[in-house]
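Just so it is clear, none of the values below were taken in a lab; they were calculated from the coordinates. Not measured: the values here are computed from a predicted model. Heads up, the Cβs are rebuilt from the backbone with ideal geometry, glycines too, and the neighbour counts pull from every protein chain shown.
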Amino acid sequence: MDNLQPAPLRERDVTRHIAREFYKEFDQLIESDVIIVGGGPSGLVCAHDLATQGFRTLLLEQSLALGGGFWSGGYLMNKATLCEPAHEILESMGVPCKPVKDCAGMRIVDPPHATARLIASAYEAGAKVLNLTRVVDLILRGEGTLEGVVVNNTTAEMAGHDVIHVDPIALESKVVVDATGHDAVVVGLLNQRGLYQTVPGNGAMWVARSEAMVVENTREVFPNCFVTGLAVAAVDGSPRMGPAFGSMLLSGKRAADLVRHKLKGEWEWYG
Ligand code: 48F
């Protein structure tokens with residue numbers, strides 16, 4: 001019976017092994033093929049697809065939890081809509097997407113289930129994640145060659161520099177994907193450095209247009225900088241869509257496809 005007792009746990013070992021594992025992995029994350037900023041639905045699908053293809057993929061999220069705006073279906077109702085064929089992405093991950101009888105092409109999902117599976121699938125594909133990590137600036141060399149991002153711990157950033165002054169650190173990558181939703185943070189930083197036009201933010205809601213426009217306009221907006229998800233609408237000033245998530249997933253997939261071509265040297269930036 002005594003043999004079935006677990007080995008005595010030492011506090012110092014708990015601390016030591018957390019620290020060891022974290023810093024061992026962190027060392028690998030300083031240089032990636034692609035950094036995806038924002039762990040909402042578009043960023044998670046993009047991370048999943050790129051990691052599946054063997055690219056060193058790092059997802060940065062300022063919050064503690066991944067998932068962005070996909071945990072709820074809007075107005076705190078935990079049902080959300082998806083347009084076909086985006087449901088195929090979730091169904092391939094085991095998430096039921098219920099057809100809506102009187103609304104052709106629409107599916108209903110449980111957002112917590114869908115979000116949990118998107119997160120798990122990104123991890124299972126091999127994507128690495130740093131949460132509580134806020135992108136605050138970019139690495140730009142020469143005339144403006146984007147070579148990564150500058151990050152800080154979110155809690156230090158939230159306290160404000162006059163309360164806690166902690167210098168940020170830099171993480172390098174060949175490509176950066178802006179998946180920060182409404183804020184389009186990466187493109188906004190390019191604008192602050194005089195390298196991109198003003199980010200107008202989303203236009204008013206018009207779901208029939210916005211869903212298609214987000215997917216179509218998922219693109220490389222600046223050499224080595226791609227934009228996906230709601231950030232596309234923010235950069236273009238195109239309409240918002242509310243709790244309709246199909247284009248977020250399809251845009252994440254398209255962004256991964258474009259990044260794959262870029263990383264394989266199949267095209268140069270064409271402006
Ligand atoms: O907002 P979010 O879910 O973006 P998305 O993937 O999907 C949008 C939908 O959720 C919804 C919608 C359309 O149906 O209207 O809003 O385009 O996820 C964006 C993530 O980026 C994080 C933020 O916390 C969120 O989880 N983020 C924002 N700024 C930063 C950041 C930053 N500076 N550094 C790191 N993460």
What do you reckon, is THR81 assigned to a strand (DSSP E or B) and surrounded by 17 or more Cβ atoms within 10 Å (Cβ to Cβ)? yes
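Rundown of residues vs (1) of a type in the set (Asp, Glu); (2) more than 9 Å from the ligand (Cβ to nearest atom); (3) in contact with a Pro (Cβ under 9 Å, 6 or more places away or on another chain); (4) in contact (Cβ under 8 Å) with a residue 24 or more places away in the chain, yes/no style:
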residue	(1), (2), (3), (4)
ARG141	no, yes, no, no
THR145	no, yes, yes, yes
VAL150	no, yes, yes, no
THR155	no, yes, no, no
VAL163	no, yes, no, no
PRO168	no, yes, no, yes
GLU172	yes, yes, no, yes
ASP183	yes, no, no, yes
Which of the residues spanning the stretch 140-159 are β-branched (Val, Ile, Thr) and within 24 Å of LEU64 (Cα to Cα)? VAL149, VAL150, VAL151, THR154, THR155
Just checking, how many residues over the stretch 206-247 are polar (S, T, N, Q) and within 30 Å of ARG141 (Cα to Cα)? 4
For the stretch 212-271, what are the residues that are basic (Lys, Arg), over 20 Å from GLU84 (Cα atoms) and either surrounded by fewer than 17 Cβ atoms within 10 Å (Cβ to Cβ) or touching a helix residue (DSSP H, G or I) at 6+ places or on another chain (Cβ under 8 Å) (or both)? ARG219, ARG260, LYS264
When you go through LEU132, LEU76, LEU64 one by one, which is the residue that is buried (at least 16 other Cβ atoms within 10 Å of the Cβ) and within 15 Å of the ligand (Cβ to nearest atom)? LEU132
Output the residue which, of all residues in the stretch 185-232 that are more than 19 Å from the chain's Cα centre (by Cα) and small (Gly, Ala, Ser), is nearest to the ligand (Cβ to nearest atom). SER210
